[in-house]
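Heads up, the thing below is written out as structure tokens.
The values are calculated or read from the model by the stated rules, or taken from the named source; none is laboratory data. Source: prediction; values computed, not measured. All Cβ positions, even for glycine, are placed from backbone atoms using ideal geometry, and neighbour counts span all protein chains on display. Surface accessibility is based on the protein's heavy atoms, side chains included, excluding ligands, DNA and RNA. Shrake-Rupley method; radii C 1.70, N 1.55, O 1.52, S 1.80 Å.
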Amino acid sequence: MRRQRGHRGGMWESVLLLGLLLLLGHGAVVAQTGSEFWFDVPEANRMHSKITCKLHVTALTEAAEIHISLPAVTNPIAHARYASLTRVIPAGTRGTIDLATGVGSANSLFFHDVYGGIDYSTVSAIDQDLYIENVLAWTQSHMDGPQPFLNRSNKGVYLKAVNPTTNAPVNVNAYIEYGGDGNEVNIEVIPLKGPNALGTHFFVPMQTKANITQYDPKTYVPYPSINIVATQDNTHLKITVPTHGVLPQALWSASSNAGGNFSSLSHNIGSMCGQKVYHIWLNRGQTSILTPFEEERDAQIKYQTSTSGSAMLEGTEIEVLSGGPVAVTTRADNLRVGGAVDMVVDQLVPVNLVGTNYAVVAGPNTGDAEYIYILSTEEANEISVPQLSYSKTLSRGEQVALQLPNSNEDYTVLASKPVYVYHMSGLGNEKGDAVLPTLPSNSKEECTGSTAVAFSRTLSANFYLKLVAWADSPSAIGKFVLQKQVGGAFQNVTSSGEIAIQNQINDPNNWQAFRHSNGTPMSSWKFYQFQANNIQTGVAYRLVNSENVFQLAMLNGSASADYGYFSDYNKISAQVQLELTDEHGDPISSNQGGVTAVCLGTNVKLKTNSSHGQYEWYPDTYLDDPHSASPTARNPRMDMTYNVTVRGYCATVARRSISLKVAQPPSPVLSVPQRV
């Protein structure tokens with residue numbers, strides 16, 4: 001047996017570390033955090049609005065130095081421009097990087113403010129590198145050769161957050177905001193999902209019930225698209241587009257000499273192709289913009305892209321065959337709903353992070369075209385929405401659109417196999433969109449949600465919070481704390497208006513159960529949507545729960561609306577791993593049977609590395625506290641097998657056992673000398 005070192009109070013003490021990796025590690029589950037983010041800044045039409053675009057980053061427990069680069073850009077002048085965006089954000093605060101300051105000036109990251117009279121073709125390839133906006137007119141296509149590409153650009157953005165002193169990675173939250181600062185037209189937020197945005201297999205939901213409006217002059221018209229960003233060189237993608245009628249939905253290419261199976265247009269720029277499956281290659285930091293084709297006869301129009309809701313790319317499948325993971329965005333610009341026009345954009349999660357149970361809460365003023373879009377990832381997928389008395393069996397890549405008739409009402413989506421649920425919501429006819437996070441189908445095995453979510457109000461217009469929380473024991477309801485940024489840290493709110501919001505959230509009478517949820521996983525959750533106009537504009541807030549998980553979305557606007565979910569999409573589960581160390585941190589090895597030998601008279605500390613959970617150790621023989629995360633077995637005098645059950649977020653459970661073999665002192669042997 002390993003000799004123990006150290007002596008305390010006349011008794012040898014050994015520390016056995018039971019490494020319990022509970023819920024992806026330990027501590028709080030924080031919304032959409034990461035130290036690395038991949039994304040692009042999608043093109044935004046300006047014909048009815050000046051452009052404003054900001055990147056907001058919230059540092060959490062550590063200060064964060066933010067670095068932004070476009071890895072595929074080789075222009076040294078462009079490198080210097082993006083390097084100048086570096087910011088240090090103190091712990092517990094939000095920092096903002098204005099991407100559109102002085103639009104049209106020499107230092108702006110956006111080429112111009114309005115489209116009228118502007119021709120993107122006048123910008124040289126070298127100068128294009130100076131702008132962060134992913135402009136379709138600046139892409140290139142070539143479908144011949146061993147590594148074809150389609151609407152490719154170098155506009156993939158890489159954000160890295162490190163500790164300013166040690167340069168070690170640190171976790172932050174980040175989102176892009178279009179509009180704001182008095183510009184309340186065509187606003188939208190894009191919550192960046194960090195590591196949850198990266199994957200090798202996606203299906204793409206898109207809205208199909210609203211058309212795109214064009215403004216005069218119609219040079220570079222708004223368009224719908226799927227934007228793909230590669231994180232590694234030589235990434236080979238297989239893309240399968242939907243079939244509309246009897247033919248695949250055609251794609252448009254920005255190059256008239258695209259080659260391959262493309263047909264050149266008789267006027268303007270671009271090409272059209274009607275393939276079902278495309279194989280393309282991207283390098284690190286390159287993007288591909290997939291947009292549906294629609295031939296335009298107007299000689300002004302440069303983009304020959306679809307404006308019809310019936311000719312979108314819903315259900316497109318993206319597979320990485322080799323190379324690294326990618327990030328994918330679904331978007332449409334200038335969607336007309338009633339008399340309103342809006343942009344909708346959201347970053348997707350891969351197939352492995354979607355599920356079979358979803359909570360949907362309609363907006364506070366649904367107006368026209370409040371829809372959910374349900375997209376199946378597998379064949380023979382039985383879906384239902386009990387509140388709408390709707391059920392259907394979907395095929396792989398098939399999407400259905402269901403209108404939500406009543407404001408503030410709850411709906412649940414149940415599926416036999418994983419689906420995406422894409423929600424088109426907003427305030428009246430002003431729309432925003434969000435890919436909804438799933439809820440667990442078996443809350444004892446996995447959980448989704450966050451215990452801390454940072455958010456901010458963009459506009460002085462009406463502001464709403466939408467919450468979905470775990471309501472079974474231990475319930476999140478009644479355990480919320482609202483904080484806001486004060487100086488260099490998040491602090492508990494103190495104003496009467498903000499405290500009133502916190503009290504509203506914690507009042508169990510405000511929370512509602514989901515209708516028709518008995519006997520389903522949704523019965524463990526409740527929701528609350530309310531107007532929160534006492535939240536200040538331009539200030540970073542954080543909602544924290546000390547007991548369990550929740551999901552948070554926000555709606556903001558009047559002349560336009562933004563809508564986004566800011567909670568975590570990752571599935572978290574209880575996983576147990578065992579590691580044994582002594583009091584000095586040195587490993588203690590066990591024999592093949594998993595039994596650890598200790599000396600008689602040794603205090604044995606059984607320690608978990610989880611800071612959250614309810615603990616039960618049994619038997620409790622020799623234990624000082626069987627409900628502690630780290631009980632001590634006081635001088636065990638016989639062999640013991642201790643079992644620990646840890647109840648974590650939602651109703652997840654982790655179990656582990658450890659066996660101790662207590663070495664008994666040798667029995668004295670007396671010998672009597674024999675007389676010779």
key: Overall Cα dimensions of region 47-96, principal axis frame, Å, largest first   = 36, 34, 15
query = Excluding residue 361 itself, what net charge comes from residues whose Cβ is under 9 Å from its Cβ, given Lys and Arg +1 and Asp and Glu -1?
reply = -1
inquiry  = Could you give the length gained by full extension between residue 393 and residue 409, i.e. 0.36 nm per residue of separation minus their alpha carbon distance, to one decimal place?
reply    = 3.3 nm
ask   = So what's the net charge close to residue 616: Lys and Arg +1, Asp and Glu -1, counting the other residues with Cβ under 14 Å from its Cβ?
value = +1
ask   = What percentage of the solvent-accessible surface of region 420-479, computed with a 1.4 Å probe over protein heavy atoms, is contributed by carbon and sulfur atoms?
value = 35 percent
query = Rounded, prolate or oblate: which fits region 395-480, taking a ≥ b ≥ c as square roots of the Cα gyration tensor eigenvalues, rounded meaning a/c under 1.5, else prolate when a/b beats b/c?
reply = oblate
query = In terms of solvent-accessible area of protein heavy atoms at a 1.4 angstrom probe, what is the ranking of 252, 138, highest value first?
reply = 138, 252
remark   = Checked against the positive end of the charge dipole of region 273-366 (+1 on Cβ of Lys and Arg, -1 on Cβ of Asp and Glu, about the Cα centre), the farthest of 300, 322, 358 is 322
ask   = In what sequence, largest accessible area first, do 303, 371, 618 appear using a 1.4 Å probe?
value = 618, 371, 303
inquiry  = Once you place label points 7 Å from the Cα toward the Cβ at residue 279 and residue 621, how far apart are they in nm?
reply    = 6.6 nm
key: Separation of the residue 599 and residue 166 label points, Cα + 7 Å toward Cβ, nm   = 3.5 nm
task = Heads up, I need the accessible area for residue 624: 1.4 angstrom probe, whole protein in place, Å², nearest 10.
result = 80 Å²
ask   = Put +1 on the Cβ of every Lys and Arg and -1 on every Asp and Glu Cβ in region 124-234; which of 171, 187, 219 then has its Cα farthest towards the positive end of the dipole?
value = 171
query = Between residue 614 and residue 637, what FRET efficiency comes out of the Förster formula 1/(1 + (r/R0)^6) with R0 = 22 Å and r the beta carbon distance, rounded to 0.05?
reply = 0.15
query = What's the extension gain from residue 442 to residue 36 if we count 0.36 nm per residue and subtract their Cα-Cα distance?
reply = 143.1 nm
request  = Pop a pseudo-label 7 angstrom from the Cα along the beta-carbon direction at both residue 500 and residue 539 and give the gap in nm to one decimal.
outcome  = 1.4 nm
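For region 294-364, with only Lys/Arg (+1) and Asp/Glu (-1) charged at the beta-carbon, what is the dipole magnitude about the Cα centre, in debye rounded to 20?
160 debye
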query = How large is the dipole of region 318-468 about the Cα centre if only Lys and Arg carry +1 and Asp and Glu carry -1, each at its Cβ, rounded to the nearest 20 debye?
reply = 180 debye
query = How far, in nm, would the chain grow between residue 530 and residue 50 when pulled straight, counting 0.36 nm per residue and subtracting the alpha carbon separation?
reply = 169.7 nm
